Amino acid sequence: MVSVDKEKCIGCGACVAVCSEVFELTSEGKAKVKDSYAGGNEECIDQAVSICPVQAIKKF
Ligand code: SF4
C-alpha cells in the first residue's frame, strides 16, 4: 500500500501528473491516495515516490 504524509506534502501535483490512477489533489491542495485505490500500479507509484520533491510518499 501507499500513503501521503500531508504534513510534508507541498501540493506540487507531480505525483498526480505521473500517477493519476493512484493520487489526486484535495481541495486543501494536498495530495492523497484515491479512496478507490485498491492496490497495484506499483510502477507508477515508484515514479511518484521518485519525483516527489519532499519525500512525502511512502510505500509499506
Ligand atoms: S509529489 Fe509530493 S509534494 Fe507533490 S503533491 Fe505529490 S505528495 Fe505532495
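The values are calculated or read from the model by the stated rules, or taken from the named source; none is laboratory data. Just so it is clear, the structure is predicted and the values come from calculations on it, not from any experiment. So basically every Cβ, Gly included, is an ideal-geometry build from the backbone, and we count neighbours across all protein chains shown.
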- Item | Hits in region 21-45 (condition: under 20 Å from residue 7 (Cα atoms) and part of a loop (DSSP other than H, G, I, E, B)) | 22, 26, 27, 28, 29, 30, 34, 35
- Of the listed residues (12, 44), the one being surrounded by fewer than 17 Cβ atoms within 10 Å (Cβ to Cβ), touching a Pro at 6+ places or on another chain (Cβ under 7 Å) and touching a residue at least 12 places away in the same chain (Cβ under 8 Å) is 12
- Message: Quick check on region 46-60. Is at least one of its residues at pLDDT below 95, in a loop (DSSP other than H, G, I, E, B) and out of contact with any Phe, Trp or Tyr (no Cβ under 8 Å at 6 or more places or on another chain)?
- Response: yes
